[in-house]
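Participant: Shown below is the structure under consideration.
The values are calculated or read from the model by the stated rules, or taken from the named source; none is laboratory data. Every value quoted in this text rests on a predicted model; they were computed, and no experiment measured them. Here the Cβ is made from the backbone with ideal geometry for all residues, glycine too, and neighbour counts use every protein chain on show.
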Amino acid sequence: MNIVVAIKHVPSTTDELELNEDGTNLDFDEIDFLLNEFDEHAIEQAVLLKEAAGGEVTVIGVDVIEELDGVLHTALAKGADKAAKIVGDIEPPVSSHTQAKWLADAIAEMNPDLVLTGVQAVDDLDGQIGPMLAAYLDLPYVGVVTGVSSQNGSVLAHKEFAGGVMAEYEVTLPAVLGIQAAEKPPRYAPISKIRQMAKSAEIEEFEVDEDFEYEGCELRKMAKPESAGHAEMIEGDPEEVAEKIIAILEERGLL
Amino acid sequence: MDAGLDKVEGILEKEVAIVDGIDISGPWNRMFEQRVIWDYTPELIEKVASLPGAESFAWCYQCAKCVPVCPVDQVGDYGPRKLYRMAQTGVDLLNHDALWLCTTCRNCVRVCKKVVDMVKIMPAAREQAVLNGFVPEELQTAFENTAKYGNPLGQSQRKRAAWTKKSDVPVPIMKDVKRAEVLWYVGSYPSYHPRGIDASLAAARIFNALNVDFAILGREEKDDGDSQRLAGELGLFEMLAEHNIKVFEKYDWDLMVVTGPHEYNAFKKEYKERFGFDRPIQHYTQFLADRLDQLKPMLKHEIPLKVTFHDPCYLGRHHGEYDAPRALLQAIPGLELVEMGRCRENGYCCGGGGGGMWLDSFTINHTTMRLSERRVLEAVAYGADVLAVSCPFEVSRFEDAAKSTGNDQLKVLDILELLDMSMRGVGLAA
Ligand SMILES: Cc1cc2nc3c(=O)[nH]c(=O)nc-3n(C[C@H](O)[C@H](O)[C@H](O)COP(=O)(O)OP(=O)(O)OC[C@H]3O[C@@H](n4cnc5c(N)ncnc54)[C@H](O)[C@@H]3O)c2cc1C
Ligand code: SF4
Ligand code: SF4
């Protein structure tokens with residue numbers, strides 16, 4: 001099975017996020033980037049499928065801040081076979097609609113049997129890359145998938161709905177799936193292996209289609225949340241603290 | 001002896017035997033049949049010993065000297081001899097939990113006549129296991145954190161110097177000053193862990209009081225990576241070493257002082273042997289002991305407590321430094337230093353080395369108690385009020401152990417904190 005995984009580099013939220021001067025977006029020079037967590041699951045699911053049914057896994061992403069190589073090397077160390085990136089004169093942020101078009105152009109050339117994406121990216125929480133890829137490629141799409149197994153010519157996708165309802169879809173290939181969680185937690189890629197990949201791996205490059213412009217919504221303002229109130233820290237030994245808490249709860253009629 | 005034993009297979013026993021006129025009838029003449037050594041295959045021993053660095057695993061001749069000194073055996077069933085025997089009798093160590101219990105404390109190597117060196121065997125074998133995808137989850141998290149954020153705690157790299165905001169004395173950053181006599185490598189736990197920060201704040205006050213021209217690296221500093229290497233992540237260690245050495249060489253300094261023994265080992269031995277980084281380095285206890293004439297008159301306030309000192313494996317056994325920490329403690333007026341039975345060369349291990357710091361809930365499933373708990377019980381048995389330490393891994397380990405063993409009265413303090421208390425006369429409400 002020829003599997004392609006579309007991935008995205010997103011701002012790390014371990015560090016405090018910095019806004020740019022005019023407050024229209026993040027300050028992309030001041031923040032670190034990480035692989036989107038759901039994409040880690042998409043890569044894992046792809047490698048699991050390959051291990052079970054054979055085939056080849058290609059990982060591809062848009063190199064928005066020119067630091068995508070590290071992420072691609074990591075994917076290769078985890079068991080992907082090929083890596084590719086979309087390069088060009090790219091200014092962050094790039095909307096997911098634009099990224100979907102660029103990715104679709106490149107993926108179409110790869111003739112995949114299965115395209116996996118993370119269910120959504122933690123930066124815009126848009127969740128549209130999967131459906132849009134499917135639309136551009138004219139393929140069926142199933143999202144919020146929590147496990148995939150391969151059958152002859154199709155895959156069985158496990159999906160969870162609200163309220164604990166489970167569904168199993170038999171999806172004819174080729175298709176696009178949005179992965180919420182792989183069947184197993186994403187495996188660890190030892191840095192020794194990643195460094196090996198960094199020395200030896202070749203990354204295929206696709207040029208961006210500069211003519212394509214998505215006329216969609218524009219981000220006008222971004223601001224840090226303002227704290228409306230504050231927490232009161234109650235001092236004292238545990239007994240005193242407990243008594244004060246009880247007094248407050250009683251005063252508010254909560255006990 | 002149980003006469004019935006003569007029925008056991010492989011044991012020969014003559015009912016009546018007289019040798020040179022001496023009656024050795026019954027159990028006295030018991031003989032074991034020739035051991036069928038070909039029942040054991042050397043393959044699984046070779047599997048470990050064939051890894052570069054792990055050769056000495058095959059040299060073990062089963063004398064068992066290593067077992068009683070192994071800190072893990074004190075709370076479980078361990079030691080190089082036992083690992084060898086397991087491999088001999090069919091256990092694949094590269095795929096067995098026993099692989100993760102050694103803390104690389106070095107006590108077995110100290111006594112082993114065959115120089116079976118667990119400090120080299122363990123990283124080699126674990127690296128193979130990690131490459132094969134066999135790594136305990138907790139440890140994996142520490143690796144991932146270190147790779148992503150430059151510290152095993154998973155804290156923001158950019159906040160590495162945030163602790164200095166709490167300091168009431170200046171803590172210069174190299175990026176601003178460019179040159180300082182002393183480059184103080186703070187380390188991950190002293191930068192982020194609340195109890196580590198306490199020691200860092202104390203160190204900053206002491207350095208200022210001594211008029212030391214020092215600076216730290218702040219957000220340019222990353223974890224030394226040595227414990228990750230010992231836990232099997234050589235690549236991560238190399239990545240961090242390359243980064244740190246580049247940063248060290250960016251600035252002008254004469255001496256590096258490190259807070260932690262693991263960092264001391266990293267820079268003094270591993271960075272030197274593997275990357276040719278060869279600059280003067282001291283552990284803070286050595287640096288301060290060298291300035292004791294200047295420091296001593298500042299230690300004005302008595303600390304009238306019984307204090308025992310836990311030798312950190314990577315300062316003591318690994319680098320032979322036993323005296324500097326003791327000289328500092330003995331310089332504190334009123335303080336009574338009591339030695340525990342297992343001290344100096346035979347010092348017990350806190351359990352944090354070689355990746356043990358990130359294997360706590362894994363290890364506890366294989367031992368009767370934590371190594372840190374065993375150590376705390378020993379400190380209590382010797383009547384100590386304070387367990388003094390000089391390794392940033394230990395404060396939180398021993399404090400947790402004091403609580404979990406019901407010994408809250410035992411205070412765990414870094415030597416830096418004790419010196420600072422004696423200098424300022426605060427925090428002594430013991
Ligand atoms: C772990 C282990 C398990 C073994 N198990 C078995 C077994 O089950 N069955 C079996 O048949 N064999 C076994 N052997 C082998 C057996 O023990 C030896 O072959 C046997 O002990 C050799 O006896 P020896 O007197 O020649 O030497 P040793 O037993 O080594 O005795 C030499 C003695 O001479 C002393 N000595 C050495 N140099 C000097 C010196 N310069 N001056 C004064 N004294 C000196 C030493 O201190 C020692 O006491 C085992 C060996 C080992 C290491
Ligand atoms: S001390 Fe050395 S030779 Fe003896 S049992 Fe231990 S590892 Fe083997
Ligand atoms: S290095 Fe320490 S923990 Fe490891 S086997 Fe030797 S004595 Fe035991």
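Participant: Which numbered condition in (1) part of a helix (DSSP H, G or I); (2) under 18 Å from the mean Cα position of the chain (by Cα); (3) away from chain A (no Cβ under 14 Å) is the only one that B:Asp224 fails?
Facilitator: (1)
Participant: Tally up the residues in the range A:27-64 that are more than 14 Å from chain B (Cβ to nearest Cβ) and crowded, with 16+ Cβ neighbours inside 10 Å, please. Quick ask: steps written out before the conclusion?
Facilitator: Here is the first cut: in the range A:27-64, the residues more than 14 Å from chain B (Cβ to nearest Cβ) are A:28, A:38-39, A:41-43, A:45-46, A:49-50, A:52-64.
Then drop every residue that is not crowded, with 16+ Cβ neighbours inside 10 Å, which leaves A:38-39, A:41-43, A:45-46, A:49-50, A:55-64.
Matching residues across the range A:27-64 total 19.
Participant: I need the full set of residues from the range B:57-74 which are farther than 21 Å from B:Tyr314 by Cα and more than 15 Å from ligand 1 (Cβ to nearest atom), in order please.
Facilitator: B:Phe57
Participant: Name every residue in the range A:1-54 that is within 17 Å of A:Pro92 (Cα to Cα) and among the hydrophobic types (A, V, I, L, M, F, W, C), in order of residue number.
Facilitator: Of everything in the range A:1-54, those that are within 17 Å of A:Pro92 (Cα to Cα) and among the hydrophobic types (A, V, I, L, M, F, W, C) turn out to be A:Ile7, A:Val10, A:Leu17, A:Leu19, A:Leu26, A:Phe28, A:Ile31, A:Phe33, A:Leu34, A:Leu35.
Participant: Answer yes or no: is there a residue in the range B:217-232 that is in contact with a Pro (Cβ under 8 Å, 6 or more places away or on another chain), of a type in the set (A, V, I, L, M, F, W, C) and over 28 Å from B:Phe134 (Cα atoms).
Facilitator: no
Participant: Hey, among B:Ala98, B:Ala161, which residue is of a type in the set (Gly, Ala, Ser), modelled with pLDDT of 95 or more and within 16 Å of ligand 2 (Cβ to nearest atom)? Steps first, please.
Facilitator: Values: B:Ala161 fails: within 16 Å of ligand 2 (Cβ to nearest atom).
When all the criteria are applied, what remains is B:Ala98.
Participant: While we're on this one: Could you please let me know if B:Ala402 is in the same structural domain as B:Leu299 (by TED's automatic domain parsing), surrounded by fewer than 24 Cβ atoms within 10 Å (Cβ to Cβ) and not acidic (Asp, Glu)? If you could, list the steps in order and put the result at the bottom.
Facilitator: Values: in the same structural domain as B:Leu299 (by TED's automatic domain parsing): yes; surrounded by fewer than 24 Cβ atoms within 10 Å (Cβ to Cβ): yes; not acidic (Asp, Glu): yes.
Spelling it out, B:Ala402 is indeed in the same structural domain as B:Leu299 (by TED's automatic domain parsing), surrounded by fewer than 24 Cβ atoms within 10 Å (Cβ to Cβ) and not acidic (Asp, Glu).
Participant: Quick one: which of B:Gly352, B:Gly334, B:Gly383 is out of contact with any helix residue (DSSP H, G or I) (no Cβ under 9 Å at 6 or more places or on another chain) and at pLDDT 95 or above? Even if it seems obvious, please write down each step before you answer.
Facilitator: Details: B:Gly352 fails: out of contact with any helix residue (DSSP H, G or I) (no Cβ under 9 Å at 6 or more places or on another chain); B:Gly334 fails: out of contact with any helix residue (DSSP H, G or I) (no Cβ under 9 Å at 6 or more places or on another chain).
The conditions single out B:Gly383.
Participant: Let me ask something else. Is it the case that the range B:110-133 has a residue that's under 30 Å from A:Glu37 (Cβ atoms), away from chain A (no Cβ under 14 Å) and surrounded by 19 or more Cβ atoms within 10 Å (Cβ to Cβ)?
Facilitator: No, that holds for no residue.
Participant: Test B:Cys70 against the criterion of being among the hydrophobic types (A, V, I, L, M, F, W, C) and more than 30 Å from A:Ala189 (Cα to Cα), and give yes or no. Break it down into steps so the answer makes sense when it comes.
Facilitator: On the way: among the hydrophobic types (A, V, I, L, M, F, W, C): yes; more than 30 Å from A:Ala189 (Cα to Cα): yes.
In short, yes.
Participant: Tell me which of these B:Lys165 doesn't satisfy, since it passes every other one: (1) of a type in the set (D, E, K, R); (2) in the same structural domain as B:Ile216 (by TED's automatic domain parsing); (3) surrounded by 20 or more Cβ atoms within 10 Å (Cβ to Cβ).
Facilitator: (3)
Participant: Of all residues in the range B:138-163, which are at the interface with chain A (Cβ under 10 Å from one of its Cβ atoms), touching a residue at least 24 places away in the same chain (Cβ under 8 Å) and either under 19 Å from B:Ala87 (Cα atoms) or more than 21 Å from the chain's Cα centre (by Cα) (or both)? Outline the logic, then answer.
Facilitator: Step one: of the range B:138-163, the residues at the interface with chain A (Cβ under 10 Å from one of its Cβ atoms) are B:139-141, B:143-149, B:154-159.
Of the ones still in play, those that are also touching a residue at least 24 places away in the same chain (Cβ under 8 Å) are B:139, B:141, B:143, B:146-147, B:155, B:157-159.
Correct list: B:Ala147, B:Gln155, B:Gln157, B:Arg158, B:Lys159.
Participant: Out of (1) away from ligand 1 (no atom under 16 Å from the Cβ); (2) in contact (Cβ under 8 Å) with a residue 12 or more places away in the chain; (3) more than 14 Å from B:Cys349 (Cβ to Cβ), what's the single condition that is false for B:Cys102?
Facilitator: Failing condition for B:Cys102: (3).
Participant: Further question on the same structure: Consider only pairs whose beta carbons are under 6 Å apart and that are at least six residues apart or on different chains; among these, list those whose first residue lies in the range A:68-87 and is farther than 20 Å from B:Leu236 by Cα and whose second residue is of a type outside the set (A, V, I, L, M, F, W, C) and assigned to a loop (DSSP other than H, G, I, E, B).
Facilitator: A:Lys85/A:Asp63; A:Val87/A:Asp63
Participant: Taking only the range B:232-261 into account, find how many residues are within 14 Å of chain A (Cβ to nearest Cβ) and out of contact with any Phe, Trp or Tyr (no Cβ under 7 Å at 6 or more places or on another chain).
Facilitator: Residues in the range B:232-261 being within 14 Å of chain A (Cβ to nearest Cβ) and out of contact with any Phe, Trp or Tyr (no Cβ under 7 Å at 6 or more places or on another chain): 9 in total.
Participant: A follow-up question, please. Quick one: how many residues across the range B:44-83 are more than 14 Å from chain A (Cβ to nearest Cβ), at positive phi, among the small types (Gly, Ala, Ser) and away from ligand 3 (no atom under 12 Å from the Cβ)?
Facilitator: Total satisfying the criteria: 1.
Participant: Sticking with this one: Conditions first: (1) within 16 Å of ligand 2 (Cβ to nearest atom); (2) crowded, with 20+ Cβ neighbours inside 10 Å. B:Tyr61 passes all but one, so which condition is the exception?
Facilitator: The failed condition is (2).
Participant: Also, quick follow-up: Can you name the residue in the range B:101-144 that is farther than 20 Å from B:Arg370 by Cα and among the charged types (D, E, K, R) and is also farthest from ligand 3 (Cβ to nearest atom) among such residues?
Facilitator: B:Glu144
Participant: Another question, if that's okay. Look at the range B:26-56 and say how many of its residues are within 16 Å of ligand 1 (Cβ to nearest atom), free of Cβ contacts under 8 Å to residues at least 24 places away in the same chain and not in a loop (DSSP other than H, G, I, E, B).
Facilitator: Qualifying residue count for the region: 6.
Participant: Taking the conditions exactly as written (more than 14 Å from chain B (Cβ to nearest Cβ) and either surrounded by fewer than 12 Cβ atoms within 10 Å (Cβ to Cβ) or in contact (Cβ under 8 Å) with a residue 40 or more places away in the chain (or both)), does A:Glu160 satisfy them or not? Working first, answer last.
Facilitator: Working: more than 14 Å from chain B (Cβ to nearest Cβ): yes; either surrounded by fewer than 12 Cβ atoms within 10 Å (Cβ to Cβ) or in contact (Cβ under 8 Å) with a residue 40 or more places away in the chain (or both): no.
Here the answer is no, as A:Glu160 does not meet what is asked.
Participant: Separate question: Scan the range B:67-94 for residues that are in contact with a Phe, Trp or Tyr (Cβ under 6 Å, 6 or more places away or on another chain) and over 14 Å from B:Tyr348 (Cβ atoms) and jot them down. Give the steps one after another, and end with the answer.
Facilitator: Filtering the range B:67-94 down to residues in contact with a Phe, Trp or Tyr (Cβ under 6 Å, 6 or more places away or on another chain) leaves B:70-72, B:88.
Matches in the range B:67-94: B:Gln88 only.
Participant: Residue pairs, Cβ under 7 Å, 6 or more apart or interchain, first in the range A:180-206 and facing chain B (nearest Cβ under 10 Å), second buried (at least 18 other Cβ atoms within 10 Å of the Cβ) and aromatic (Phe, Trp, Tyr). List them.
Facilitator: Matching pairs, first to second residue: A:Tyr188/B:Phe143.
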